[in-house]
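Single-structure report; data block below.
Values quoted throughout were computed directly from the atomic coordinates according to the rules given, and no laboratory measurement underlies them. Remember, it's a predicted structure, so these values are computed and weren't measured experimentally. Cβ sites come from the backbone with ideal geometry, for glycine too, and all protein chains shown count toward neighbours.
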Amino acid sequence: MFKQHPKGLYLLFTTEMWERFSYYGMRAILSLYMIQALFYNTVFTSSVYGYYTGLVYLTPLIGGYISDRYWGNRKSIITGGVLMALGQFALAISSYLYAPPSVAVTYSFFVFNYQTSFFLIGLFLLVMGNGFFKPNISTMVGLLYHEGDDKRDSAFTIFYMGINLGALIAPIIIGGIGDTGNPADFMYGFFAAGCGMLLGLTIFILGKRKYLVDPYGNPVGEKPVHKYGKDGCKDETLNWIEKQRIMVIVILAFFGIFFWSAFEQAGVSLTFLAEQHVDRVVTSINFVIPASWFQSVNPLAILLFAPFFAALWLYLKDRGREPSIPLKMAAGLCLLSVGFMILVFASKTLDGGSATISPLWLVGAYVLFTFGELCISPIGLSMVSKLSPAKFCCLMMGVWFLTSAFANILAGQLSTLYPDPSLPTPYLLGIPITTFSSFFMIFVVISIIAAVILLIIRKRLETMMHGIR
């Protein structure tokens, strides 16, 4: 799988690895920082987290448009990297300004002071920087190959492994130095995240001129040159096939909302669960596992199993039995539901009065989430690259991430239903969510319904793809 790929792929792999180290490291401690150092309750923390991660995936639509029209991929990636590094350092300053309260307090709103101001400035810079960075580096992977090159799918799988290598080491390192039980130490975690972003940016700047070229040796990602029609206007007319393929991207991205709104519980409700109700004490060495470390299970499982899934798709393709993109995504939703079903069974012991559950339940759920993710995320990135008209590739990558924005906002709102005895009973569609098992059952139902609908319409979607698998 790793042979016969251009060196530019590994430059993008390394750059994205360090950017994801920065993002996922910060994400691993973000909700804990809000609870322990800003003193927000779980409901307000979930809302802030959801809107932040939602905006992170909304701005790529703007960044993709600016890149397609004016800047090109390279300038957009550098601009985004600088903004994100500044955002991480702003969060570090916010944490530096932490002061322990004289009495125990919990807030359900922003308390504006210097600490909160730098916190919000940091989130704003991260949101804007990600908008320029994320759609462009993903798009550049596809630009390194011939149109129709079969190696694209495996290239995106390799690229996705880079994402998850960064996501694996981030919670361990950043969580290890930031999530210590002392809220003042969050500063070191955010600072390390900023340094990781600067390292990735430096690698990209040093290697872009030499390695980011197409199969003919022409540089990719430069400032775009627009074609014009006979009347002097930009010739951007789409034919019927292109329109139908774009519609497929939009429809499948919509189904991604249901997957990601459940999957992104990792940063909120599942972190609350790990912090409060998972037995994290290793008695043999007298060590308490940081709650943030559980977020390394997913990227570790991806690194272990992504080559298997990539080989599986190639094996089935050689025998003419490779599932279509819609069928793969439906399978991903089913695997996600099984993962949450594990948590439903495990949480029944909490509902029965037990204080904690074994960490193996959470680890097992994360592994199944990962299997689902491998059927959706790298497949989706490759799909956008293959189905998008070349002149709208960055914009359509932004559309793919736009649905993730809605999913993350929805994830934050659903996380507000997490059972907390200190808060009023939450309701969903008039149904009280009073137990942990009823909370996790929400995600079982959402993912199964979405999978069934996708299976029903998959034949029509396959037709609209016009030969692309």
message: Distance cut-off 27 Å, Cα to Cα: go down the list 328/348; 210/391; 134/317; 386/459 and report the pairs above it.
response: 328/348; 134/317
task: Please state the charge dipole magnitude for the chain, taken about the Cα centre, from unit charges on C-beta atoms (+1 on K and R, -1 on D and E), reported in debye and rounded to the nearest 20.
output: 1300
statement: Residues 210, 151 in order from fewest to most other beta-carbon atoms within 10 Å are 210, 151
query: Going by average Cβ neighbours within 10 Å, how do the peptides 303-316, 279-292 rank, with the highest at the top?
result: 303-316, 279-292
query: So who's got an amide H within less than 5 Å of the one on residue 40, skipping anything under 5 residues away but keeping other chains? H placed 1.01 Å off N, in plane.
result: 35, 107
query: How large is ³J(HN,Hα), in whole Hz, for each residue of the stretch 124-132 in order, when computed from phi with the Karplus curve 6.51 cos²θ - 1.76 cosθ + 1.60 and θ = phi - 60°, using x for Gly and Pro?
result: 4, 5, 5, 4, 5, x, 4, x, 7
task: If a/c stays under 1.5 just call it rounded; otherwise compare a/b with b/c (prolate if a/b is bigger, oblate if not). Do that for the stretch 198-320, with a ≥ b ≥ c from the square roots of the Cα gyration tensor eigenvalues.
output: prolate
Overall Cα dimensions of the stretch 74-171 - principal axes, largest extent first, Å: 63, 27, 22
task: Pull up all non-local amide H partners of residue 428: gap of 5 or more, or a different chain, and H-to-H distance under 5 Å with H placed in the peptide plane.
output: 433
query: So what J values fall out for the stretch 20-29 if you push phi through Karplus, 6.51 cos²θ - 1.76 cosθ + 1.60 with θ = phi - 60°, rounded to Hz, Gly and Pro as x?
result: 6, 4, 5, 5, 6, x, 5, 5, 5, 10
- prompt: Using the alpha-carbon centroid of each, what span in Å lies between the stretch 432-458 and the stretch 96-174?
  reply: 27
field: Value of [θ]222 nm, deg cm²/dmol, for the chain, DSSP H segments ≥ 4, -39500 (n - 2.57) each, nearest 500
entry: -24500 deg cm²/dmol
- prompt: Can you give the angle from 0 to 90° between the axis of helix 393-415 and the longest principal axis of the chain, with both taken from C-alpha atoms, to the nearest 10?
  reply: 20
message: For a quick check: sort 195, 334, 393 by the number of other beta carbons within 10 angstrom, fewest at the front.
response: 195, 334, 393
- prompt: How do the peptides 417-428, 196-207 rank, highest first, by the average count of neighbouring beta carbon atoms within 10 Å per residue?
  reply: 196-207, 417-428
query: Once the dipole of the stretch 295-414 is set up with Lys and Arg at +1 and Asp and Glu at -1 on Cβ about the Cα centre, which of 364, 332, 411 lies farthest towards its positive end?
result: 332
statement: Options [x] -0.51, -0.60; [y] -0.39, -0.51; [z] -0.35, -0.46 are given for log10 I(q)/I(0) by the Debye sum over Cα atoms at q = 0.07, 0.08 Å⁻¹, and the computed one is [z]
message: Strictly greater than 17 Å: what percent of every Cα pair in the stretch 126-206 meets that?
response: 60
statement: So, over other residues within a Cβ distance under 10 Å of residue 387, counting Lys, Arg +1 and Asp, Glu -1, the net charge is +1
task: Tabulate in residue order the Karplus-calculated ³J(HN,Hα) for the stretch 189-200, using 6.51 cos²θ - 1.76 cosθ + 1.60 with θ = phi - 60°, rounded to whole Hz; enter x for Gly and Pro.
output: x, 5, 5, 5, 4, x, 5, x, 5, 5, 5, x
task: Write down, largest first, the equivalent ellipsoid semi-axes of the stretch 305-429 in whole Å, where each equals the square root of 5 times an eigenvalue of the alpha-carbon gyration tensor.
output: 34, 22, 10
task: Mind checking the stretch 79-143 for chymotrypsin sites (Phe, Trp or Tyr not before Pro) that DSSP puts in a loop (not H, G, I, E or B) and that have at most 10 other Cβ atoms within 10 Å?
output: 109, 112
